[in-house]
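Worksheet: the structure to be examined is printed underneath.
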Amino acid sequence: MSISLRNVTKKVRLGPVRLTYEGLNLEIPDGSRMALLGHKDAGLTAIVNLMCAADAPDAGYVERTQSISWSIPSASFVARHMSLAANARFLARLYETNEDAYVARIAELGQFGDEYNIMVDRCTNEARQQFCFLAGICLPFDHYILTNLNVGKKTDRERNAAMVQELGERASIVLVGANVKAAQSLCDRAYVFQDGRATFYDDMEAAAEHFASIVAKEVDEDDDFMGSDTELQDLVNMDF
Amino acid sequence: MFADIRTQLNVIAALAIRDLQNLMKGYNYGFAWALLEPIMFIGLMRVARSAFKGLTPPNMPPSTFLILGIVPFYMYVQVIGSVYKAVSTQDQLLQFPRVTPVDIAIASAISDFCIYFTLYTLFLTFFSIYEGAWPPQNALEVFSVFILLWAVGVALGFVVGTAARVFPPLKQFISYYNLVNRMLGGMLFVITMLPSSLWPYFTWNPILHCMEMLRDGWFVTYTSPVADPAYVLEWLLGLLLLGLSLERFQRRVPYI
């Protein structure tokens, strides 16, 4: 019981990211705590879209035998002309859960006060982010895809981290992004994405080392590029 | 299997309710515009008909006659556009694993149906009572044809929406198609107002059959000589088969 990508080929064309995954195999078993580590140019959004069925692979298959969340805390589903409570009701209807209980649970955890019932446009960014985070983790899934844990007010973050820890005890967690520290504290295995390839590690230390080497390599490449062009170096160092 | 069907129906219901709630987002342009556009058009046509007497069939009250054709036609155009948009572009709601483009398309079409059906019922009731054309001769026929026209719009939306994913300029052709249909689709006339030598050409258009059936169903004084529901159903099945097949085969085609 898991989410599997089998021999997947996908051309990623997201903004400046231009790369192709070929013959990609990925397995996220039931109850695992998996990190998908990669930089912005690693095309992780495309991989998450494939896992969530938001997009189809060019070739190969994606198998899902369990329920999976969307990428939490993505805010793109939020209707800005409706209140946070109305957005929560939409999700409750979509996922066939008890509307009143779900709406009340988010209100209780988020402590939004009056912001819960006014148009999203008028809410603070922190309230919106916190809502998107809570909306995802308050629904019962077998796999939770988390793309950012630093949401909401500073005071909420510790509470959010504790909730995610608790979540990991009853469901599978997939942490996506470049936050190695969070990955090391939450996950026990990882895929590191680089140049259209994914390397699996069941040891988080080794995964973190690999990822650190990618970061170091990129910094070196930037330095080399700068070093070879003195005019560019002068421009960058210019005091405006 | 029934649990899956129920889940999918719940997804469509949730999306349709959200669509209807979102209509209010621009107060000036949301729900109000859906009402205002046909009202303005009906008003304009009513004035034009009064100015050029003789263009309206003498045995049918003019406002009821116009509403019977214009509101369903606007719904048809709107439904094609909504389904086209849902199928040809990558909606943000697709990030939810249980939402598919077909769900979004059907939900948008349902919300359009709700708006125009409300509008249709209100206008028709008011104007037909005012003009003495109440009650309809066959309300069930009118209601069925309204649904049939909606379904043809959904099916055509699937065909053009999926085709536009590989050929985006198709969008321009939809505007031309709607323009031609506006003139020749029977929205503003009944077939008996034309010379019978032209009937075989006009009756190729399934929309004309729908318009004929709507007038036939409402007015005691009019019996359409050409309306054929089976012909419209054939079109509907053909378009649905083509549209859903294209949608199925294009799932791996990336969005442009």
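The values are calculated or read from the model by the stated rules, or taken from the named source; none is laboratory data. None of these values were measured; they are calculated from a predicted model. Here Cβ is always computed from backbone atoms with ideal geometry, including for glycine, and neighbour counts include all displayed protein chains.
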Residue, surrounded by the most Cβ atoms within 10 Å (Cβ to Cβ), within the stretch B:124-153, restricted to residues that are of a type in the set (V, I, T) and under 18 Å from B:L66 (Cα atoms) = B:V145
Those residues of the stretch A:33-82 which are touching a residue at least 12 places away in the same chain (Cβ under 8 Å), of a type in the set (S, T, N, Q) and buried (at least 18 other Cβ atoms within 10 Å of the Cβ) amount to A:T45, A:S69, A:S71, A:S74
Residue that is touching a residue at least 60 places away in the same chain (Cβ under 8 Å), more than 27 Å from B:T64 (Cα to Cα) and not aromatic (F, W, Y), where the choices are B:V232, B:V159, B:V154, B:V190 = B:V159
From the option list B:V102, B:V83, B:V79, single residue qualifying as in a helix (DSSP H, G or I), touching an Asp or Glu at 6+ places or on another chain (Cβ under 8 Å), touching a residue at least 60 places away in the same chain (Cβ under 8 Å) and more than 14 Å from chain A (Cβ to nearest Cβ) is B:V79
Of the residues in the stretch A:14-69 that are of a type in the set (S, T, N, Q) and in contact with a Leu (Cβ under 8 Å, 6 or more places away or on another chain), the one that is farthest from A:E209 (Cα to Cα) is A:S69
Could you identify the single residue in B:A151, B:A133 that is among the hydrophobic types (A, V, I, L, M, F, W, C) and assigned to a loop (DSSP other than H, G, I, E, B)?
-> B:A133
Just one of the numbered conditions (1) farther than 18 Å from A:L44 by Cβ; (2) under 19 Å from the mean Cα position of the chain (by Cα); (3) free of Cβ contacts under 8 Å to residues at least 24 places away in the same chain is not true of A:K154; which one?
-> (2)
Any chance A:L19 is crowded, with 21+ Cβ neighbours inside 10 Å, touching a strand residue (DSSP E or B) at 6+ places or on another chain (Cβ under 8 Å) and either within 14 Å of another protein chain (Cβ to nearest Cβ) or not small (G, A, S) (or both) = no
Total residues in the stretch A:195-240, condition modelled with pLDDT of 65 or more, farther than 23 Å from A:I28 by Cα and either part of a loop (DSSP other than H, G, I, E, B) or among the aromatic types (F, W, Y) (or both) = 0
Residue satisfying all of: in the stretch A:171-183; of a type in the set (G, A, S) and in a strand (DSSP E or B); surrounded by the most Cβ atoms within 10 Å (Cβ to Cβ) among these = A:S172
Residues located in the stretch B:62-107, provided they are hydrophobic (A, V, I, L, M, F, W, C) and closer than 14 Å to B:E247 by Cβ | B:V83, B:A86, B:V87, B:L94, B:V102, B:I104, B:A105, B:I106
Scanning for something of a type in the set (A, V, I, L, M, F, W, C), under 16 Å from the mean Cα position of the chain (by Cα) and not in a helix (DSSP H, G or I), does the stretch A:159-170 turn up at least one residue?
-> no
Unique residue being free of Cβ contacts under 8 Å to residues at least 40 places away in the same chain, more than 10 Å from chain B (Cβ to nearest Cβ), surrounded by 14 or more Cβ atoms within 10 Å (Cβ to Cβ) and under 24 Å from the mean Cα position of the chain (by Cα) when the list is A:E126, A:E99, A:E115 = A:E126
Exception for B:L194 within (1) of a type in the set (A, V, I, L, M, F, W, C); (2) surrounded by 13 or more Cβ atoms within 10 Å (Cβ to Cβ); (3) at pLDDT 95 or above falls at (3)
Looking at this structure, is B:T121 assigned to a helix (DSSP H, G or I), surrounded by 13 or more Cβ atoms within 10 Å (Cβ to Cβ) and out of contact with any helix residue (DSSP H, G or I) (no Cβ under 8 Å at 6 or more places or on another chain)?
-> yes
Which of the residues spanning the stretch B:162-187 are more than 18 Å from B:P62 (Cα to Cα), touching a residue at least 40 places away in the same chain (Cβ under 8 Å) and under 15 Å from the mean Cα position of the chain (by Cα)?
-> B:I174, B:N178, B:N181
Just wondering, is there one or more residues in the stretch A:130-147 that are crowded, with 20+ Cβ neighbours inside 10 Å and over 17 Å from A:P73 (Cβ atoms)?
-> no
Do we have B:E247 as in a helix (DSSP H, G or I) and within 14 Å of chain A (Cβ to nearest Cβ) here?
-> yes
A careful count of residues in the stretch A:47-67 that are facing another protein chain (nearest Cβ under 8 Å) and under 13 Å from the mean Cα position of the chain (by Cα) gives 2
Pairs with Cβ under 7 Å, 6+ apart, first in the stretch B:3-23 and facing chain A (nearest Cβ under 10 Å), second aromatic (F, W, Y) and in a helix (DSSP H, G or I) | B:A14/A:F90; B:R18/A:F90; B:L23/B:F31
